[in-house]
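The structure appears right after this line, and notes come after that.
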């Protein structure tokens, strides 16, 4: 090796060592805060609206499904606009797009009214939003914290290279809580693709709006994450003194002056009966026993175990299915252990139905590789599998509204399952190794035959027309049935995919990477 290359190698290694030596700051000086007390929260406008209803159903929570994209967006706006004391907001992804900016504007406007806003975001996707977050964080009534932040702000890649074990663990939780009286929990992140305003893509998703005791559980869980060792105030990790375009005040000022835009947009989505009922406080809640399940935030550092894990809590709350198990998971990676468990249930007589994304519909093809290799053994055990078709999210007509969960969406994103027609789970948890072992997750277990019937109805009535049903031929080969009005089309390979994409997925499926998916 020549002298030049030796020096170059030494320089590269020195840079890597210096980068690797960078570390997160101490958390000394971080402010302390907690959720609004229940007695005080009942005196707010939301409390006076919801508390009398809660009192009529002791021990139960009011649950309202948000399966429509615009309804889900409007519900968050309504909570932000009606909050009087606190807004506690926790998300994995917050896009710097129209709906993302509108909701940030709503948080800012709430802070201007005197509402204390705590915004906790996973740091994986905040780069494009960092300048906006800085201006929010500078407001006296807003604090922004980042979960598992990256030391190197300009390159998430270096974060993975130098601190992979921590950087690979993300906060996947999603909650939006106003005055400790109402909360929205489910599968949606914040962005146009989740609320029906992206012309190219809509994620079919499911949230629930909840009131009652389960809201206080979410608030306590938020406090736990907010005070965790992984939650860093923005100014602790970001160089907010830099004079770059990302921190320029002009576009930020324009965005934060969007109160009129927020109000105007809310008016455009308030014509549906459900949004009008929401704004009037007259939603027909389903009253049920609801339990919050959540990973301990220490999972973000690899320190959680046993009862601190959502997988353990789900098992305790759900139990073992005896008759039916209907699973909806956009990223379904059962692994050998999960496949064996599902087959064992099927052999005990449990009827199992699974809905996930087809290769054409998924937005993460590598995850499909972790699922595809388990399809045959599942089908051989008598388990039914549906794969969501990729369909134009306006159903082919500009006059039709954006779809609800299971009704013609471009890509499935809901995470839910129903057990024995009696109880359901709704939340952020995917049936994959990442949700089990790496990411923190949040959701509700709800004892509600009515909600379980809705999921069952989706499988019985809607899925055959909106998803491919997988079958095995007598020769043991996979094929897909596509049911359209008046015809059934058989596909002998993954429908509407290229040979190259299928080959790539097949190759990836041979690699031992399921634990990363």
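The values are calculated or read from the model by the stated rules, or taken from the named source; none is laboratory data. What you see is a predicted model; the values in this text were computed from it and never measured. Positions of Cβ are generated from backbone atoms using ideal geometry, with glycine treated the same way; all protein chains shown enter the neighbour counts.
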- Message: Suppose we filter 79, 107 for residues that are assigned to a helix (DSSP H, G or I), surrounded by 21 or more Cβ atoms within 10 Å (Cβ to Cβ) and out of contact with any helix residue (DSSP H, G or I) (no Cβ under 7 Å at 6 or more places or on another chain); which single one remains?
- Response: 79
- Note on the structure: Within segment 124-156, the count of residues that are farther than 20 Å from residue 100 by Cα and over 23 Å from the mean Cα position of the chain (by Cα) comes to 6
- Message: Please return the ranges of helices (runs of 4 or more DSSP H) entirely within segment 234-353 where 1 or more residues are at pLDDT 85 or above, assigned by TED's automatic domain parsing to the domain that holds residue 147 and touching a strand residue (DSSP E or B) at 6+ places or on another chain (Cβ under 8 Å).
- Response: 234-237
- Note on the structure: Of the listed residues (72, 51), the one being more than 24 Å from residue 206 (Cα to Cα) and either surrounded by fewer than 22 Cβ atoms within 10 Å (Cβ to Cβ) or at pLDDT below 95 (or both) is 51
- Query: free of Cβ contacts under 8 Å to residues at least 12 places away in the same chain, assigned to a helix (DSSP H, G or I) and either outside the structural domain of residue 190 (by TED's automatic domain parsing) or out of contact with any strand residue (DSSP E or B) (no Cβ under 6 Å at 6 or more places or on another chain) (or both) - does that describe any residue in segment 50-63?
  - Reply: yes
- Options 442, 478, 470: the member that is more than 21 Å from the chain's Cα centre (by Cα), crowded, with 20+ Cβ neighbours inside 10 Å and touching a residue at least 40 places away in the same chain (Cβ under 8 Å): 470
- The one condition residue 363 fails out of (1) touching a helix residue (DSSP H, G or I) at 6+ places or on another chain (Cβ under 6 Å); (2) under 30 Å from residue 389 (Cβ atoms); (3) in a loop (DSSP other than H, G, I, E, B) is (1)
- Note on the structure: Checked pairs for segment 331-350, first without any contact (Cβ under 8 Å) to a residue 60 or more places away in the chain, second surrounded by fewer than 18 Cβ atoms within 10 Å (Cβ to Cβ) and part of a helix (DSSP H, G or I), C-beta under 7 Å and 6 or more apart or across chains, list as 339/377; 343/377
- Query: Hey, among 188, 169, which residue is part of a loop (DSSP other than H, G, I, E, B), surrounded by 19 or more Cβ atoms within 10 Å (Cβ to Cβ), within 12 Å of the chain's Cα centre (by Cα) and at pLDDT 85 or above?
  - Reply: 188
- Report yes if some residue within segment 419-426 is outside any strand (DSSP E or B) and closer than 25 Å to residue 359 by Cβ; otherwise report no. no
- Item | Number of the exception - residue 157 against (1) without any contact (Cβ under 8 Å) to a residue 40 or more places away in the chain; (2) crowded, with 24+ Cβ neighbours inside 10 Å | (2)
